[in-house]
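Okay, structure first, notes after.
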Amino acid sequence: MEKQELFIKIEDYLDGKLPEAEAEAFEEQIAADPALAESVARQRLEREMMEVMLGDHIEGKLAEWENTKKKPGKPGYRNWPWLLLPAILTIAWLAWPTQPTEPAAPGVSEEKPAVEEEPVETFQQETEAPAEPAGEQNPEPAERKEPAKDQPIAKKSPSDQQLLALAGRNEVPPVFVSGSFRGSSQADFKAASDALEDGKTDEAIRLFSQLAAAPTLTGLDAANNLAYLFYQKKDFQKAIPHFQTVAGRQDYDYQEQAEWMLALCYLTTRQFSKLNPLLTEISTNQAHRYAAKARKLKEEVNSMQ
Amino acid sequence: MGRSQNMSDEKLISLLQGELPAQEEGLKFMFRDERLERTVLHKIKGLGGSLHDAQDAYQEGFRIFYRHVLRRTFRGESSPSTYFISICINVWKDSRRGAYQKRISHVDDAVKMDRLHHETPEAKLEQDDRKKLVRQLLALVSDRCREILWLRALSYSMEEIAEKTGLSSPRMAINEAFRCSERLRKAAGDNPDLQSLF
């Protein structure tokens with residue numbers, strides 16, 4: 001059989017296009033002929049390469065399109081200034097020094113701008129909000145500067161709920177290491193893993209904490225598990241040092257995942273000064289499995305800040 | 001701004017069945033169609049899914065649909081939105097059954113959606129590690145071979161590949177593809193990690 005014909009036959013075989021009997025006969029040939037087996041393996045690998053090319057292309061396009069897409073039920077971030085307008089006007093009106101209705105109802109002046117309290121899912125409502133304070137725009141806009149100085153409006157940042165929702169959308173499944181019982185502390189690690197498996201979270205945290213300090217691979221596995229346990233409990237501050245430990249070990253199997261989760265912890269705890277460089281680092285590393293996600297998250301975070 | 005107000009199904013199908021730029025024009029249009037996204041979310045929530053599940057299914061469903069279009073397995077026999085919605089619902093149902101995701105797979109069958117093995121986080125990491133190696137190998141492949149691989153990934157026939165790459169016949173395209181295949185191991189060089197891919 002000529003090489004080109006063989007190439008086509010292997011393609012047909014991998015596509016499942018060969019009749020059953022012919023495919024079976026071909027498989028016998030493959031088993032008996034190492035050179036043929038290698039050709040099949042090569043062409044199979046080429047298909048993996050095609051998958052990766054397609055996948056990367058698609059992720060790139062989706063990230064590009066996502067930037068210009070308005071989420072259903074949510075306004076685009078570019079509309080934020082307009083969404084803030086009613087809150088600005090309301091607060092300016094409430095804080096107006098010469099306002100005749102100065103003694104506002106108790107508590108009213110302490111309210112945060114409504115937009116900050118809105119959960120993401122109800123954010124859509126804000127698009128209709130500009131109509132509400134329309135009748136309250138009597139004070140001349142030129143004199144709004146004083147009240148505005150006391151309010152956090154100009155530096156409005158996303159609410160905790162928004163950050164949590166954003167982190168939630170970017171979470172990846174936790175990786176609990178359970179099979180690496182190495183060294184002298186293997187019994188302790190197993191006990192901690194058993195507690196985790198039994199749903200005894202606090203016990204698992206206690207046991208893994210005892211192991212996490214050790215400068216060993218078991219210690220690293222324990223830190224990894226602890227990080228995810230704290231993350232699941234939404235105790236992001238406590239998760240951070242453990243994710244940092246794991247993310248700092250380039251040779252660790254789950255380092256990239258820990259790095260990504262560390263970024264989400266920074267996000268939920270508003271540590272933007274740490275989040276931004278970390279996202280840049282991840283997104284510029286083409287080989288990083290979360291590079292595309294990091295690029296997208298960075299853009300979302302930038303548009304929120 | 002719904003899709004149907006701006007583009008008929010016929011026009012959308014003709015885009016999705018065209019060349020890559022046209023396909024992506026159609027895909028981008030669908031991706032930005034808020035009403036289509038809302039429909040998917042609404043349908044999945046109506047079936048008992050959470051908003052989060054529905055959003056996941058929409059995103060994963062779009063990736064699958066994208067592949068169907070680029071590989072020309074979307075034949076335009078039904079409305080693109082109907083086809084897409086059914087993919088999303090299947091993805092959601094599949095996720096409920098515990099499978100991690102559905103994809104078309106060149107390795108198994110270029111036509112039907114084929115469920116990958118149930119992915120544990122460990123299995124997924126293993127798969128991701130392999131992907132990294134595949135990317136490294138891709139970076140070592142010549143531009144010419146990468147171009148041919150890309151056209152094959154888009155399910156172009158050897159006739160079309162010959163035409164697009166300036167080769168005189170489909171047979172020449174097969175020869176070129178074969179040579180590229182043969183060079184793979186050489187491209188991996190002495191790198192034991194890359195050699196492990198074979």
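To the nearest 0.05, how large is the calculated FRET efficiency for B:His52 and A:Glu24 if R₀ is 41 Å and r is the Cβ-Cβ distance?
It comes to 0.35.
Equivalent ellipsoid semi-axes for region A:3-66, as square roots of 5 times the alpha carbon gyration tensor eigenvalues: give them largest first, rounded to whole Å.
32, 12, 9
Consider just the alpha-carbon atoms of region A:221-305 and return their Rg together with their Dmax, both in angstrom.
Taking only Cα atoms of region A:221-305, I get Rg and Dmax of 12.1, 36 Å.
What distance in nm separates the simple spin-label points at B:Gln127 and B:Arg72, each placed 7 Å from Cα in the Cβ direction?
In this crude label model, B:Gln127 to B:Arg72 measures out at 2.7 nm.
Take the Cβ-Cβ distance between A:Asp198 and A:Val172 as r, set R0 to 30 Å, and report the resulting FRET efficiency rounded to the nearest 0.05.
After rounding to 0.05, the efficiency reads 0.80.
Of A:Lys61/B:Lys131; A:Lys61/A:Lys238; B:Lys131/B:Lys164; B:Lys11/B:Lys164; B:Lys28/B:Lys93, which pairs sit farther than 30 Å apart, going by alpha carbon to alpha carbon?
In this structure, A:Lys61/A:Lys238 exceed 30 Å between Cα atoms.
Need one number: nm distance between label points at B:Ala22 and B:Arg96, each 7 Å from Cα along Cα→Cβ, rounded to one decimal.
Between B:Ala22 and B:Arg96, the label points sit 3.9 nm apart.
Compute the FRET efficiency between B:Arg144 and B:Arg38 as 1/(1 + (r/R0)^6), taking r as their Cβ-Cβ distance and R0 = 51 Å, and round to the nearest 0.05.
With R0 = 51 Å, the Cβ-Cβ based efficiency is 0.70.
Since every read-out is calculated from the coordinates, none of them should be taken as a lab result. Computed from a prediction, not measured in an experiment: that's the story for all the values here. Heads up, the Cβs are rebuilt from the backbone with ideal geometry, glycines too, and the neighbour counts pull from every protein chain shown.
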